[in-house]
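Notes for the one structure printed next.
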Amino acid sequence: MEFGVYIHIPFCQQKCFYCDFPSFAGRERFIDDYLLALKEEIHKTKSNMGYGQDEKLQPKTLYIGGGTPTVLAEEQLEKLFQLIHEEISLDFCEEYTIEVNPGTVNENKLKLLKNAGITRLSIGVQSLDDKYLQAIGRIHNAQEAVDTVQLAQLLGLNNISIDLMYGLPGQTMAVLQETLRQALKLKVQHISIYGLQLEEGTAFAKMEAIGKLQLPADEITEAMYDYITSELPQQGYERYEISNFAQKGFYSRHNMSYWQDKMYLGFGSGAHSYWQGKRLQNLADIPSYIKAVPENNWQELEEQVSEKEHMEEMCFLGLRTAEGINKKQFSQTFGRNLEEIYGDVIIRLTEKGLLKDKEDSCSLTLLGMRYGNQVFSEFLL
Ligand code: SF4
């Protein structure tokens, strides 16, 4: 059985102004207890799945995200890798990623990651301009981000992804172009690019509500999007998903498995799982999660995904990728062809130039990627 494993580390040194992930600043005092709860959760989940005491999970991909996993001190990172080693086997693992925040690593920590078997780093760079890094609440400056990437490369960690953002407050096209130019010089294997979204409950949403946030005009943000999506492919980065670009052979396998509707287990506070047709979500509050694991009630949600929702999700997720919805997978899963369910939608959107309909797949055109949300809404049943 093929599946991925996600491990959530919910601690951050400071909350970035745009971030609505289940991550918290100022909770470092819980880290040690959190790691104990994490181990217990993995162990109990395995035994609920019928694993023997010494049997380990054997995921195809393993991803440690957050939050900021690298905010953990060296001894705590060692404990994290030890507990993973005790519960999870890397024997069949094709990709082992950890998220890294440039303000929280040094040479020792990077060596520790490498020695633990990490094969891929996902580094939150966001911008290579100090003014904008400060404006969005990042804890590092541009030079620290560059140093982190280069140090990792020197240590032989040669599967590196960086995250960048556009549409930042006050950001101009020239600033974005310069960040991209600097980023390309780093010669990383993978780049994820996200437009700033105003999410409820974030510092930015509050600033916006009182008129204190100056975002670029829509035309500028759209021009940034056009620039990025044409520049990166020209520089040898294939756009394999709406927001993700990679050199040949460096797609994120873990994230691909989400988009391909594969099963995954998520561990830690706020983590999600998708397992045998069920969607599960853990308690997001750190102390509540730590208390709930020994009492066996760490999940705040467990629901069966209906066939209708499953069809919609397979389409939304598949359409995010360049390879699109896999028609064979759809008919094998549901016993009906994609066309039986979505024939009219596919014809209409293909005529509008938003979809490419092929014999074995259905995917977004470049225009469709630009208006992704509009296309996705047409796939709601
Ligand atoms: S470091 Fe990452 S998870 Fe933490 S607040 Fe910033 S964006 Fe969110």
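Here, each number is a calculation from the coordinates, and none is a lab measurement. Predicted model only: the values in this text are computed from it and were never measured. As a convention, Cβ positions derive from the backbone with ideal geometry for all residues, glycine included, and neighbour counts pool all protein chains shown.
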TODO: Would you please give the FRET efficiency between residue 340 and residue 262, computed as 1/(1 + (r/R0)^6) with r the Cβ-Cβ distance and R0 = 22 Å, to the nearest 0.05?
DONE: 0.40
- [ ] Calculate, in nm to one decimal, what residue 352 and residue 194 gain on full extension: separation in residues at 0.36 nm each, minus their alpha carbon distance.
- [x] 54.3 nm
Open item on the list: If you average the C-alpha positions of region 124-165 and of region 198-237 separately, how far apart do those two centres end up, in angstrom?
Closed with: 19
- [ ] Please go through region 343-381 and write out the trypsin sites (Lys or Arg not before Pro) that DSSP classes as loop and that have at most 15 other C-beta atoms within 10 Å.
- [x] 352, 358
TODO: Grab the Cα-Cα distance for residue 51 and residue 366, subtract it from 0.36 nm times how many residues apart they are, and report the gain in nm with one decimal.
DONE: 108.9 nm
Task: Phi-based couplings in Hz for region 358-364 (Karplus 6.51, -1.76, 1.60; Gly and Pro marked x) - done: 10, 4, 10, 8, 9, 9, 6
Task: Cysteines without a disulfide-compatible neighbour (Cβ-Cβ under 4.7 Å), the chain - done: 12, 93, 315, 362
TODO: Could you please state, rounded to a whole Å, how far the C-alpha centre of region 74-92 is from the C-alpha centre of region 284-349?
DONE: 30
Task: Rg/Rh for the chain, where both radii come from Cα atoms and Rh is the Kirkwood radius - done: 0.96
Task: Distance (nanometres) between label positions extended 7 Å along Cα→Cβ at residue 14 and residue 107 - done: 2.7
- [ ] Can you figure out the FRET efficiency of residue 75 with residue 231, using R₀ = 35 Å and their beta-carbon distance, to the nearest 0.05?
- [x] 0.25
TODO: Please identify every one of the GluC sites (Glu not before Pro) in region 158-243 that sits in a loop by DSSP and has no more than 16 other beta carbons within 10 Å of its own beta carbon.
DONE: 199, 200
Open item on the list: Run lengths n ≥ 4 of DSSP H only: what is the helix-derived mean residue ellipticity at 222 nm for the chain, with -39500 (n - 2.57) per run over all residues, to the nearest 500?
Closed with: -12500 deg cm²/dmol
Task: Calculated FRET value between residue 329 and residue 178, using beta carbons and R₀ = 45 Å, to 0.05 - done: 0.60
Task: Per-peptide average of other Cβ atoms within 10 Å, ordering 66-74, 90-98 highest first - done: 66-74, 90-98
Task: Shape box of region 228-381 [Cα atoms, principal axes, largest first, Å] - done: 55, 40, 25
- [ ] Hey, can you grab everything whose amide H is under 5 Å from the amide H of residue 364? Only 5+ residues off in sequence or another chain; H modelled, so Pro and N-termini drop out.
- [x] 356
Task: Candidate lysines - alpha carbon under 19 Å from residue 46, same-chain residues fewer than 8 apart omitted - done: 56, 60, 262, 278
Task: Peptide ranges 191-197, 3-9, 272-278 listed from the most packed, as the mean C-beta count within 10 angstrom indicates - done: 3-9, 191-197, 272-278
- [ ] Compute the label zone of residue 150 within region 103-121: residues whose backbone N is under 20 Å from the point 7 Å along Cα-to-Cβ.
- [x] 103-111, 121
